[in-house]
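The values are calculated or read from the model by the stated rules, or taken from the named source; none is laboratory data. Predicted, not measured: the structure shown is a model, and the values here were computed from it. Glycine gets a Cβ as well: all are built from the backbone with ideal geometry, and neighbour counts include every protein chain shown. In case anyone asks, the SASA skips ligands and DNA or RNA and just uses the protein heavy atoms, side chains included. Shrake-Rupley method; radii C 1.70, N 1.55, O 1.52, S 1.80 Å.
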Amino acid sequence: MSERCDIAVIGAGAAGLMAAIAAGRTAMESGENLRVIALDGAKTLGAKILVAGGGRCNVTHHLVDERAYAGSSRHSIRNVLGRFDVKRTVSFFSEIGVELKREDTGKLFPTTDRARTVLDALLAEARRVGVELWHPWRVAGVRPDDAGFAIQRDESGACNDVRSLIARRVVIATGGKALPRSGSDGQGYSIVKSLGHTMTPRIFPALVPLTTPDGHFLRELSGVSVPAEVQVRERGGKVLVSFTNSLLFTHLGLSGPAILDASRYLADARHTDPGATLVLNLAPGLSPSDLDRAIVSAKGPGVARWLAESLAFRADVPGHADRGMPERLARALCEHAGIDHATPIQLLTRVQRASLVSAVCALVVPTTGDRGFAHAEVTAGGVPLSELRLDSMESRVSPGVHLCGEICDVDGRIGGFNFQWAWSSGHVAGRAAAKAIIDAT
Ligand SMILES: Cc1cc2nc3c(=O)[nH]c(=O)nc-3n(C[C@H](O)[C@H](O)[C@H](O)COP(=O)(O)OP(=O)(O)OC[C@H]3O[C@@H](n4cnc5c(N)ncnc54)[C@H](O)[C@@H]3O)c2cc1C
C-alpha cells in the first residue's frame, strides 16, 4: 500500500520534531493545508530527549556561539544558528508551555527539571499543527520520483500497512550513530549517500568517555570526581585545546564533562599526530610555578594531607566550590610521583617537588581509546554543510531534500549546544520545506 504527503520528515528526534512543527506552523500561518508526516523507526519517540541532561534535558545554553562547535566551518554553523537563535528557542518553548530556567553554568533546563515535559510539549505541538506521527515506521531508502520522492519502509514491524510513501519534499533528520539503541544507528548515512551526498572521511564518537590502559593507577579512583583542566597537546607540547570542568575517574578510564568535551579533539589530533597527549591539571587555575611556590613556602602536614587541605584551587568549577583535592587522589599522585605521602611537605627535595608538581599540574595520562558510540552523546562528522543551502538546509545535490540535526557535520560541546543545533537547523529545514511547496502552488 502506498500513500502521498507533502512533506515527510524522516526521524522524529529533536531536529525532526522541530522540523515537522516548523513545517506545520508555516502551513497554518499561510492558511494552507499541507500533509506533514514524521516517520520514526523507534517504537517510542524521543529516547534521547528523555535521557538528556541526566533526565532533565539541557535544552540549550544561555550563550550559544559557533566557537562551541566543531565539524563544518564555524562560519556556516553560525549562519544556521543565527536563523533560530537562543532567544527564539526560549520563546518557542515558552509558547508550547515549557518554561526554561538558567543554571549558574549557563545551561537552560525546563523549570520542572523533567525531560518528559520537553518531549510531551513537542509531541503535543506537532499534533496541534496537524503533523502525523508514524512510529514505528523505519525507512529503508528514498529515491527521486516523478512526484517528488518515494520513501520505502523496511521489513520490520510498522504502525500501519503503508509500505511506500510519496512525498513532495523530504526532511532527513535521522541523527548520527551515538547511542544506537535509541534508533540512531547511522542508517540515515546510506540514505543520504544514495541521494548523492558525501560524508566526511571520518565519523567518530564525540562527548565520549576515554579508556586508560589496564592497571593504570587512576582506575583505582573510580567514582571520584574532581575539578580539572584537561588539555589536548600535540606531540611537541603545544596546547591544542583546554577545558576546565568536572572530571570523573571510572573503572575503565576517565569521564565527566571536561573529558567528554576534550574527547573529540583528542581523537582528531591522534588521527594525524599519534604522539598527541592528554594532560591533566588536577589543581585547575594553578600553574606548575604557582604550585611550586606554594610548596616552597608550605609547612606542616604530610604531602597528601597538605594537597587535600591547603591547596586552594583558583578555577571556579560548578559543584566543586570549597572542596580541596580528595585525599585518595592526593595519595595516588604522591605514589605516582615516587613520594611517600606522609613526608612532611617542607622536607621535599627539589627533585621530589618537581616530580609532585608535574603529577598534579601536568599529568600525562595514556589513553587507549574511547567507549565508542554506545556511550557517546554525539557524533563527530557527517554531511558537510557545504553540501547544503544554509538558508533552507536544502541539499545542493538533491533539491527537494532538506537535512537537519546530527546527521550534519556539526558537533557541539556539553551544555545544550547539540540540542540548539537540532532546534536551529530543524526549524530552518522544516520552514523552508513548507514555504517551497506553498510558494510553488
Ligand atoms: C545520553 C545523552 C545525553 C545527551 N544530553 C544532551 C543534553 O542534555 N543537551 C544537549 O544539547 N544534547 C544532549 N545530547 C545530544 C542530543 O541528544 C543530540 O545531539 C540530539 O538528540 C540530536 O538530534 P537529532 O534529531 O539530530 O538526532 P536523534 O535525536 O538521534 O534522532 C534521530 C531519530 O531518527 C530516527 N531514525 C534513524 N534512522 C531512521 C530510519 N532509517 N527510519 C526512521 N527513523 C530513523 C531515530 O529512531 C531517532 O528517533 C545527549 C545525547 C545522549 C546520547
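What residue among 426, 266, 47 has its Cα farthest toward the positive end of the dipole of the chain, where the charges are +1 on Lys, Arg and -1 on Asp, Glu, each on the Cβ?
Selected residue: 266.
I need the Debye-formula profile for region 318-422: one equal scatterer per C-alpha, no solvent, reported as log10 I(q)/I(0) at q = 0.10, 0.23 1/Å, two decimals.
With no solvent term, the Cα-only Debye profile gives -0.58, -1.18.
Rounded to whole Å, give me the distance from the Cα center of region 88-142 to that of region 217-238.
Region 88-142 and region 217-238 have Cα centres separated by 35 Å.
Work out the charge dipole of the chain with +1 on the Cβ of Lys and Arg and -1 on the Cβ of Asp and Glu about the Cα centre, then indicate which of 159, 243, 369 is farthest towards its positive end.
The residue sitting most towards the positive pole is 243.
Under 10 Å, Cα contacts only: if you run a Gaussian network model on the chain, which one of 33, 58, 418 comes out with the highest mean-square fluctuation?
Per the Cα network of the chain with a 10 Å cutoff, 33 tops the list.
Quick one, can you get me the convex hull of the C-alpha atoms of the chain expressed as volume per residue in Å³? Let's see the in-between values first.
Numbers: hull volume 59.8 nm³, N = 441.
Cα convex hull per residue, to the nearest whole number: 136 Å³.
Just report the Cα centroid separation between region 322-351 and region 419-435, whole Å.
Comparing the Cα centres of region 322-351 and region 419-435, I get a distance of 53 Å.
With a 10 Å cut-off between alpha carbons and a GNM built on the chain, which of 13, 97, 382 moves the most?
97
Evaluate the charge dipole of the chain about its Cα centre and quote only its size in Debye, nearest 20, assuming +1 on the Cβ of each Lys and Arg and -1 on the Cβ of each Asp and Glu. Could the numbers behind the result be given before it?
Working: 50 positive and 46 negative charges, 55 e Å.
It comes to approximately 260 debye.
Report Rg/Rh for region 137-262, rounded to two decimals, where Rg is the Cα radius of gyration and Rh the Kirkwood radius. Mind dumping the intermediate values first?
Numbers: Rg = 21.5 Å, Rh = 18.3 Å.
Using Cα coordinates only, the ratio equals 1.17.
Quick check: with the 1.4 Å probe, what order do 349, 174, 60 take by accessible area, largest first? Mind showing how you got there, number by number?
Details: 349 70, 174 30, 60 0 Å².
Order by accessible area, largest first: 349, 174, 60.
Expressed in nm to one decimal, what extension gain is obtained for the pair residue 127 and residue 63 from 0.36 nm per residue of sequence separation less their Cα-Cα distance?
On the way: separation 64, 0.36 × 64 = 23.04 nm, distance 3.06 nm.
Length gained, residue 127 through residue 63: 20.0 nm.
Name the residue from 84, 60, 37 whose Cα lies farthest towards the positive end of the charge dipole of region 37-102, charges +1 on Cβ of Lys and Arg and -1 on Cβ of Asp and Glu.
Sorting the options by dipole projection puts first 60.
Under a Cβ-only charge scheme (Lys and Arg +1, Asp and Glu -1), can you give me the dipole magnitude of region 186-288 about the Cα centre, in debye to the nearest 20?
Numbers: 8 positive and 7 negative charges, 60 e Å.
Dipole of region 186-288, to the nearest 20 debye: 280 debye.
Only Cα pairs within less than 10 Å get springs; with that Gaussian network setup on the chain, which residue of 296, 170, 192 has the largest fluctuation?
296
Kindly provide the GluC sites (Glu not before Pro) of region 70-160 that DSSP labels as loop, not H, G, I, E or B, and whose Cβ sees at most 16 other Cβ atoms within 10 Å.
Numbers: sites: 95, 99, 103, 125, 132, 155; in loops: 99, 103, 155.
For GluC sites (Glu not before Pro) across region 70-160 that sit outside H, G, I, E and B with at most 16 neighbouring Cβ atoms in 10 Å, the list reads 99, 103, 155.
Taking the chain, how many lysine pairs are there with alpha carbons less than 27 Å apart, if each pair must be eight or more places apart or span two chains?
13
To the nearest 10 degrees, how steeply does helix 86-95 sit against the main Cα axis of the chain, on a 0 to 90 scale?
Its long axis makes an angle of about 60 degrees.
For region 1-154, what is the charge dipole size about the Cα centre, in debye to the nearest 20, if Lys and Arg each add +1 at the Cβ and Asp and Glu each add -1 at the Cβ? Show your work: numbers first, answer last.
On the way: 22 positive and 19 negative charges, 82 e Å.
Dipole magnitude for region 1-154 comes out near 400 debye.
Suppose each label sits 7 Å from its Cα in the direction of the beta carbon; what would the residue 396-residue 239 distance come out to in nanometres?
3.7
Taking the chain as the reference, fit the longest principal axis to its C-alpha atoms, fit the long axis of helix 327-336 to the helix C-alpha atoms, and give the angle between the two in degrees, 0 to 90, nearest 10.
In the chain, helix 327-336 runs at an angle near 70 degrees to the longest axis.
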